[in-house]
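The values are calculated or read from the model by the stated rules, or taken from the named source; none is laboratory data. Everything numeric in this text was worked out from a predicted model, so none of it was measured. For neighbour counting, all protein chains shown are included, and Cβ atoms are generated from backbone atoms with ideal geometry for every residue, glycine included.
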């Protein structure tokens, strides 16, 4: 393959990788990106013989006109990033068709690099991480090949006796395979080195983000069912989506799917949607180990199980914290310094025990959740107003529903037994379906009395209403149930399709007890264990690593690591280890301030200068030299001295047109005895100055030669 | 700025000289912008791309340094050149490394005078323990003495972001002659018929046969005449006629006053004079040269050595500023040319070659 063809192929590939990073962000529709990607793939392969000036002018005009067009679009819609990026992509696609000289290729690569930068802003997903690797490989090879092209273009022009046209240069490049084989190996090594060094820089560069132009980090996952009001049936759409929403990792205790992660409870039903009666919250208190207690009167006693939860950013006005049943405490990650700054990380709970956390929107959350399976859900007793909230029924509730509830409960008065009967009733008489239709005027009545098909929301809503009709306080709870175990990441992944609703029934003295009326056949997460599922698990585990260690890499992790370096006995903190305290940080800062920085800087400067001079001394180079003339070697100095002697003693001066050897022969005509040593000295001089001729003699020999010449000249 | 640049290139304090290419400047600007954006947004992926650009810059520096190690230049000494015409200098570089090649190497001569146009010698690859030879093209814009102060070995490997150079100090001078115009017919414009030369009717070393005589010891045996032999077998040798000495004297203006004559006029006249002399010498004339001011005089002679002598003198000739009346006087008075035998020409800045 000729050099030109290979260069164009690699340039195409690099351009396609660059645009793919942008395309996979989801910001641009596929019908825009696909033609542009095709153009980038095909463009550099097309070789057009051109009329230089005409095409160049046409390209410039196109760039200006299209620039004005995109500027108009950008400012009229105030979507500057979108249209700027689209302009850059269109320019690079057009430029791809007009790659002639090395400068054209370099402009193409600059546009591609700008696309990569834009991709970093708009595409935080794993696709960026995957595509950046071949992009770096391709870009490195492209730049190396451009270097070769630059050499080739220069050489062709250099060696031509007359003016060379652009066509001649291009046809010469197409006819040759210029790339030495080992240069390709060098490229691979160089790409790997570039990647490794950039990773090192990435982890070491201090994160001192000032956030003036902060851009949202990741697009949030839309999750109906976790807002402040939930319309009955709104979760239907989510139940078909397999996007991962959270990953739960056991820290203390085991965790096998299906797992139940409780989100929020809703107590007011108006016949169409569920909401909370009261939205007032209060902050959770912490214990001595900075763990946030759901119920301050119930401290953690060490028997609790702990899970680490990584929650994807979910759209909504608040961050609901999900936890296994009966959560008793929460804790931010041990190396998260935000824990020490209350304004950055605060846990709140409401009267129903739901826990939320403040923080910027669209940010993933990582936290530890403590739970005790046998511990009762608080509160153990209900006040009258709360009891009323949990007995609320919608206006115009069908009497048939009440009768149905009474029929099923019979004479039983125990709330747990009544709830169990209702659960058995739902399991046996109803069918789980994601796609059933219900009467919009009263969907719940339609579900309970006629249709008897629906998904978890209907089951849970129906049971809550029926319990309340029987005078038993109950509430609807939304969360997740199910999950797949990912053995590669050692966590359970919960997806949107695992979203679930169930019921909590209040039992005096026990608190709220969980009941799930949905037939168990619905439980998802039982994915087939085939090759594709394993691939999917690997991808998800890599995705989690990508988010935690790249996208969300933070100053906190860096500081903890550096503090660990300062005290070798400490290690990077994990779960259960004492957190970094404010006192430790202040102590470290105070120690840093104790160092006399000005003195240290002066010492450093003196050290550098001293090192430089000592190095020159050790190398035997003179310290004092004429800077304008550079180093003077002994041979040159002695030759000049000899010329001075000849001029002074015999009036013999080398004419400008005379070479050194011609001059030596002329001296020989005047003083034959001095010719031989003078020739020897001249050859030594030529060897030093011009890099040719005999080897440079030692200083001792040269001195002897000069002395001999001097004697011969003076004696004559 | 130029003097600062020269200082940097000659200074041993900075052993490596770095200059940014256009792509390098763009890349560094983009990197700075990336760093600013990364710090301001706190976006880790922008940090990643910034790290990538930093890594490329760092590796570029390391690899270019490695590429330049143990490279040694050499070049053939250049003594003379001609103004405005490309001059080729044999130049090369040797790789003293045992295993690793060097890539994208350029070697160029460094002149104190900035106006010299230097096209460096390029080598894509210099294998270990091998030499790469080539030519460096020099173009001098004017006549005079040009000083070489070093040889620079440059590389832009691997990414062409920067050009890193090592300067090997050296000292040499190049004498640049005035531009010689290719007008071989020039003398015939000014010489009448018969003035190109002839013979003088006596034995000499010309090309026309004068006669034959008896062969004596010391005669050139190639000139023996085999058509006739003297009685007794004595051999004859041809004699050649002595040619008339074709002597031409050229006078050149070296004074100016800005009003009547300026330096540009004199430079053009000097070029004409040099071309004229060279044409005459190539046609076998004896040529002598003198300046109007009398400061420079070259006795008449012939052959290549005379040509170099004349051209060397014209190369370093400097012009003298004088009052206008002196210039006028020279225009009027040509008596100083009358003393010369043979043909005499004055190369006038305004009127061209004038026969005196």
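Quick notes
- Number of residues in region B:115-145 that are under 21 Å from the mean Cα position of the chain (by Cα), more than 13 Å from residue A:151 (Cβ to Cβ) and without any contact (Cβ under 8 Å) to a residue 40 or more places away in the chain equals 5.
- Flag if residue B:63 is part of a helix (DSSP H, G or I), within 9 Å of chain A (Cβ to nearest Cβ), surrounded by 21 or more Cβ atoms within 10 Å (Cβ to Cβ) and on the phi < 0 side of the Ramachandran plot: no
- Failed item in (1) modelled with pLDDT of 85 or more; (2) more than 11 Å from chain B (Cβ to nearest Cβ), with residue A:697 passing the rest: (1)
- Restricting the search to helices (runs of 4 or more DSSP H) fully inside region A:383-501 and requiring at least 3 residues that are free of Cβ contacts under 8 Å to residues at least 24 places away in the same chain and on the phi < 0 side of the Ramachandran plot gives A:384-390, A:399-409, A:415-429.
- In region B:33-43 there is at least one residue that is at the interface with another protein chain (Cβ under 7 Å from one of its Cβ atoms), assigned to a helix (DSSP H, G or I) and closer than 15 Å to residue A:116 by Cβ.
- Cβ-Cβ under 8 Å pairs, at least 6 apart or on other chains, region B:338-356 side farther than 11 Å from residue B:253 by Cα, far side surrounded by fewer than 16 Cβ atoms within 10 Å (Cβ to Cβ) and modelled with pLDDT of 65 or more: B:338/B:356; B:343/B:355; B:344/B:355; B:344/B:356; B:345/B:354; B:345/B:355; B:345/B:356
- Selection within region A:513-563 - in a helix (DSSP H, G or I), modelled with pLDDT under 85 and under 20 Å from residue A:497 (Cα atoms): A:520, A:521, A:522, A:532, A:533
- Among (1) modelled with pLDDT under 70; (2) within 14 Å of another protein chain (Cβ to nearest Cβ) - the single one residue A:185 does not satisfy: (1)
- Qualifying residue in region B:72-81 (condition: under 16 Å from the mean Cα position of the chain (by Cα), within 20 Å of residue B:115 (Cα to Cα) and assigned to a strand (DSSP E or B)): yes
- Lone qualifier among B:73, B:101 - being free of Cβ contacts under 8 Å to residues at least 40 places away in the same chain, facing another protein chain (nearest Cβ under 10 Å) and in contact with a strand residue (DSSP E or B) (Cβ under 6 Å, 6 or more places away or on another chain): B:101
- Restricting B:109, B:119 to residues that are buried (at least 21 other Cβ atoms within 10 Å of the Cβ), under 30 Å from residue B:307 (Cβ atoms) and either more than 10 Å from chain A (Cβ to nearest Cβ) or modelled with pLDDT under 90 (or both) narrows the list to B:109.
- Test: residue in region A:126-142 that is within 8 Å of chain B (Cβ to nearest Cβ), farther than 17 Å from residue A:187 by Cα and buried (at least 24 other Cβ atoms within 10 Å of the Cβ): yes
- Scan of region A:154-182 for residues that are more than 10 Å from chain B (Cβ to nearest Cβ), within 19 Å of residue A:103 (Cα to Cα) and modelled with pLDDT of 65 or more, ordered by number: A:156, A:167, A:168, A:169, A:170, A:171, A:172, A:173, A:174
- Here residue A:91 meets each of (1) surrounded by 19 or more Cβ atoms within 10 Å (Cβ to Cβ); (2) over 26 Å from residue A:546 (Cα atoms); (3) within 7 Å of another protein chain (Cβ to nearest Cβ); (4) without any contact (Cβ under 8 Å) to a residue 40 or more places away in the chain with one exception, condition (3).
- Highlighted here are the strands (runs of 3 or more DSSP E) found entirely within region A:224-294 that include at least 1 residues which are more than 24 Å from residue A:512 (Cβ to Cβ) and either free of Cβ contacts under 8 Å to residues at least 40 places away in the same chain or under 34 Å from the mean Cα position of the chain (by Cα) (or both): A:244-252.
- Check on residue B:33, modelled with pLDDT of 90 or more and more than 24 Å from residue A:187 (Cα to Cα): yes
- Criterion: within 20 Å of residue B:355 (Cα to Cα), within 14 Å of chain A (Cβ to nearest Cβ) and assigned to a strand (DSSP E or B) - qualifying residue of B:248, B:298, B:287: B:298
- Single condition residue A:105 does not satisfy, out of (1) within 11 Å of chain B (Cβ to nearest Cβ); (2) over 27 Å from the mean Cα position of the chain (by Cα); (3) at pLDDT below 90: (3)
- Scan of region B:149-172 for residues that are modelled with pLDDT under 90 and over 29 Å from residue A:140 (Cα atoms), ordered by number: B:149, B:150, B:168, B:169, B:170, B:171, B:172
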